[in-house]
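S.K.: Could you have a look at this structure, given as structure tokens, before my questions?
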Amino acid sequence: MLNPVIIKGNNMGIRLIITPEALIDDIKNDLNKKLQNKKHYYTNARPIEITFDGKTLTEEEKKEILSLLSEKGLNIKNKEIKKNYNEEKKGFINLQPDKDGLFYLGNLKYGESINASTSIIIVGNIEQGASVISKGNIIVIGELDGFAKAGINGNKNAFVYNVK
């Protein structure tokens, strides 16, 4: 297996995208290699949240991964894991408002959605079948092949801007 884990930074912390067929030992070995000799980067860093995507992990597997990340020097915000996807809303990612707006780093894949209550800048692609809905403006720095709707609460001045 080439890449059992992809590590991406996001506005909440770190997102681990795990290949569905990866075994826990493959995941831990890959993380160990990727974080080897990087402990000094995380010294005195603020606490971060870890989110998991891709493979469905057991609570025990999540704890093993968090333990490994802690050993590598990451200051983990809490030991409770939050998923990016709100399963009750079938794939929507609800981002919390910030006075300055939101940033999303990464690509949105088919079936993924962001529902923002403020303006949002997406640095990445919105693939076909993915969507972004916002009460404010939407700026996409990447390909916009999916759906983007700004000003959903009647803000007629809201806009969608795509920078390729």
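S.K.: Write out the GluC sites (Glu not before Pro) in region 98-164 meeting two conditions: DSSP loop, and at most 14 other Cβ atoms within 10 Å of their Cβ. Show your work: numbers first, answer last.
M.R.: Details: sites: E112, E127, E143; in loops: E112, E127, E143.
Answer in residue order: E143.
S.K.: State, to one decimal in nm, how far the label point of F103 lies from the label point of Y161, with both points 7 Å from Cα in the Cβ direction.
M.R.: 1.6
None of the figures in this text is laboratory data; all of them are computed from the coordinates on show. All of these numbers come straight from a predicted model, not from anything done at the bench. Please note: Cβ atoms are built from the backbone with ideal geometry, for glycine as well, and neighbour counts cover all protein chains shown.
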